Amino acid sequence: QAPHQGRLAPSTKPWMPPGEPQAPFFLPAPRWPVECEVIQETIEHIEWVPPKPEPFCPPMGPEQPMYTLGEEQGTIVYHCSPALQGSHFTRARVGGAPGPLSSPAAPLEGPQDTTLLFESRFESGNLQKAIKVGPYEYVLMLRPDLYTAKHTQWFYFRVQNTRQEPLYRFTIANMAKPKSLYGQGLRPLLYSQQDAQRHGIGWRRVGTDIRYCRGSAGEPPLFRLSWTVRFPHDGDTCFFAACYPYTYSELQRYLRALAADPARSRYCTVQALCRSLAGNRVYLLTITGPGGTAGKRVVVASARVHPGESGSSWAMRGFLDFLLSAHADAQLLRRLFVFKVVPMLNPDGVVVGNSRCSLAGQDPNRAYGMALPGSFPGVWHLRAMVQRVLAEQEVVLYCDFHGHSRKNNVFMYGCDAGEDGTGTRLRQRVFPLMLSKNAPDKFSFSSCKFQVQKSKERTGRVSMWRLGVSHSYTLEVAFSGSTLGGRKSHFSTEDLESLGRLLCDTLLDFCNPAPAKLQQCLVEADALLQQQMGREPGSGGSWSDVSPSELES
């Protein structure tokens, strides 16, 4: 039986490190909607950073590849579609659907049968159907976000019974977005179990002849992602993913290690902010140095409101690792600030392998400011917490970590509604400008936008700004990598984690009582805006009456 959906009041009692033997009981197994089948095996991957950056793939033309057979003549070799009872979430349990598992994969006919065996019924997995259309060619369909018919983007699935010799082609036939970084050199990720066990190699970029093009003529139109690949071994177990997976269980393992560490747990408490619709805990970390919270300014950070944007969890992990380290700058940050961090706002979406939605079947990042704690508990309780904090302390920064599927590099969205004075509007641009100086090979200031569009009013960024958080940002991390500083290569998990540390460096620069850096960035931001207006820097003309949409057009 599911608990009261999302109505757990924020816990006031910190979750303190229990004695070692009990630790696992404090981190219950993920809860799944009862319609979802879940295999028993635990899926874990080793961490590995490639010895040199992995380059983008030269983009191919938009033509569709030819197949031996059409999809209609092909053979369905995997079909896993949860029998959704009605069109909305009803209840959840650990382990998902009760009773014996079905067999969505077609059985092999003998050792000579080279058909791949597909599986996606594990945490964060997403693959609905595989159709064999040639000896080594497969057309794949992703499962839409649960209780919706759309948002197909995230994929993560397993294949077994591989052969090393042939060139395989995979085509995902129901991608939702018209534009994608796959058209600009992004490559899918592959993980080989044999390579992990024998050589310590983890996730790596693979794929040649990568194409992203319009598919069926239906409405709404669907798009096709196609790539060719050779597997490294015969008889291997491999995984494909859109980005480095980071599951809810992985977050819980991180929190368990944190609780068991006497040094780090001294200045970090972990609480349940609330429970999700399925009854999974939405964790809130409070991090600060000795002397408690009185008189300190507050920094709020969150990630993974969109479950398919797993790169944001790696950046968040880097942020937490640095904040909780013994580094002198980390100690200074803990002395100056109280950090309130929600590392996974939408655990249900992460568990079931959604791209964008929670189990409410809607995007929670369009639900801030709505009086619906029962439908969107994570974002509702986060906003309520920030409201309570603002009554007593200044919140100097809010940063919501996201992933971006259409633009390279890292960038930010801020809040400039054009209503404030020139100084305030300039200051909105200073934090991202400082971050671009600290991360010149990753962060693009020219990609940042500050317009507050009507359609974004219910996002975390705009909602926090409307509450009174003067510097409120969305941090966007490309699914691909960087084109800056001579790079044209994918981000590794190390790159993503380094963003967390760079964000901390920038916070110290931004709040430095010596004003030199801040003044320099204000002057530079003003010059850049004058340039955008087509004026000579220093010409003295004002852009203060120019709307943000005009500035960015």
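The values are calculated or read from the model by the stated rules, or taken from the named source; none is laboratory data. Because the structure is predicted, anything quoted here is derived from the model rather than measured. Virtual Cβ from ideal backbone geometry, glycine too; neighbours counted across all protein chains shown. Note: areas computed on protein heavy atoms with side chains; ligands, DNA, RNA excluded. Shrake-Rupley method; radii C 1.70, N 1.55, O 1.52, S 1.80 Å.
Odds and ends about this structure:
- Cβ crowding within 10 Å averaged over residues, with 224-235, 295-306, 244-255 ranked highest first: 295-306, 244-255, 224-235
- Rounded to 5, percent antiparallel among DSSP beta bridges of the chain: 70
- Relative contact order (%) - criterion: Cα under 8 Å, at least six apart; region: the chain: 16
- Charged side chains reduced to their Cβ positions (Lys and Arg at +1, Asp and Glu at -1) give region 340-467 a dipole of some 300 debye around its Cα centre.
- Principal-axis tilt of helix 377-390 within the chain, Cα atoms, nearest 10 degrees: 10
- Within the shell of other residues whose beta carbon sits under 12 angstrom from the beta carbon of Tyr267, the net charge comes to +3, with Lys and Arg scored +1 and Asp and Glu -1.
- Amide hydrogen proximity for Tyr473: with H placed 1.01 Å from N in the peptide plane, the residues at 5 or more positions away or on another chain lying under 5 Å are Tyr398, Cys399, Asp400.
- Carbon + sulfur, % of accessible area of region 248-380 - ligands and nucleic acids excluded, 1.4 Å: 55
- Since only Gly202, Pro50, Gly311 are under comparison, the one whose Cα sits farthest along the positive direction of the charge dipole of the chain, derived from C-beta charges on Lys, Arg, Asp and Glu, is Gly311.
- This model, with +1 at the C-beta of Lys and Arg and -1 at the C-beta of Asp and Glu, gives region 319-371 a dipole about its Cα centre of some 160 debye.
- Carbon + sulfur, % of accessible area of region 71-241 - ligands and nucleic acids excluded, 1.4 Å: 52
- Listed residues Ala217, Ala514, Tyr168: farthest to the positive end of the dipole of the chain (Cβ charges): Ala514
- Dipole magnitude (debye, nearest 20) for the chain, charges at Cβ of Lys, Arg, Asp, Glu: 1000
- Surface per residue (accessible, 1.4 Å probe) for the chain, Å²: 41
- Its convex hull of Cα atoms gives the chain a direction-averaged projected area, equal to a quarter of the hull surface, of 27.1 nm².
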